1. On a straight-distance basis, which lysines could pair with LYS4 in a cross-link, Cα separation under 19 angstrom, same-chain partners fewer than 8 positions away excluded?
2. What is the order of LEU115, LEU93, LEU124, fewest Cβ neighbours within 10 Å to most?
3. For q = 0.10, 0.18 Å⁻¹, what log10 I(q)/I(0) does segment 10-159 give under the Debye formula with an equal point scatterer on each alpha carbon and no solvent?
4. State to the nearest 20 debye the size of the charge dipole of segment 36-170 about its Cα centre, where the only charges are +1 on K and R beta carbons and -1 on D and E beta carbons.
5. Quick check on the exposure proxy: order MET51, MET61, MET13 from fewest to most C-beta atoms within 10 angstrom.
6. For helix 79-97, what angle does its Cα long axis make with the longest principal axis of the chain, in degrees from 0 to 90 and rounded to 10?
7. Need one word for segment 1-83: rounded, prolate or oblate. Basis is the Cα gyration tensor (sqrt eigenvalues a ≥ b ≥ c); a/c below 1.5 gives rounded, then a/b vs b/c decides.
8. Once the piece of chain linking LEU124 and ASN97 is laid out straight, how much longer is it, given 0.36 nm per residue of separation minus the C-alpha distance between them?
Amino acid sequence: MTEKKRILLIRFMGILPFFIILIAHYSPLFSLQIGGVSPLSILPLLTAFAMFETLPAAAIMGLFTGICMDSVSSETVCFHAIFLLVAATASSLLSNNLFNKNLQAAAVLSFLLTLIYYLLRWLLFYAFSTVITDRFIYLLYIAFPSVLYTELFIVPFYFLYRYLEKRKGG
């Protein structure tokens with residue numbers, strides 16, 4: 001196998017988990033929900049991808065994933081596209097310039113991005129609702145447990161993209 005074909009195959013293997021996770025996340029047949037809390041496993045996947053890819057590749061993947069999520073979701077208009085574009089860009093910039101590319105840095109980046117995602121989501125869609133109890137029920141019983149539950153997914157995704165990076169020769 002030539003070098004170009006090998007690199008293209010490795011890049012395809014790096015993009016394939018996004019499709020699998022998106023289909024699994026929005027499929028009614030497959031659910032990781034525990035007690036009303038479901039993880040947004042696309043954020044740790046995007047964080048791990050952005051840590052090991054170039055800035056343009058990370059930004060394009062963040063935008064593409066956000067557009068796919070917005071096309072399926074009925075309550076958000078461009079929220080996911082904008083947030084995931086900024087999150088992937090920030091994750092790539094921070095991991096290449098400030099953090100090391102280790103598991104601790106990946107966990108911190110993933111935790112911060114997930115926390116910011118759920119806080120922004122709460123602020124835009126729930127904080128100004130008419131019922132005052134709905135404001136805090138989402139925040140305390142769904143958002144914060146979802147942040148912790150989502151954090152579990154960074155470990156396998158980090159090791160997947162670290163393995164693929166070594167296979168590329170990086």
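Read-outs throughout are calculated quantities, based only on the coordinates presented, and are distinct from any laboratory measurement. Because the structure is a prediction, the values reported are computed rather than measured. Positions of Cβ are backbone-derived with ideal geometry, glycine not excepted, and every protein chain shown enters the neighbour counts.
1. Partners within reach: LYS166, LYS168.
2. LEU124, LEU93, LEU115
3. Relative scattering, expressed as log10 I(q)/I(0), comes to -0.33, -1.09.
4. Values: 7 positive and 6 negative charges, 84 e Å.
Rounded to the nearest 20 debye, it is 400 debye.
5. Listed from fewest to most nearby Cβ atoms, that is MET13, MET61, MET51.
6. 50
7. Prolate, because a/c is 1.5 or more and a/b exceeds b/c.
8. Full-extension gain reported as 6.6 nm.
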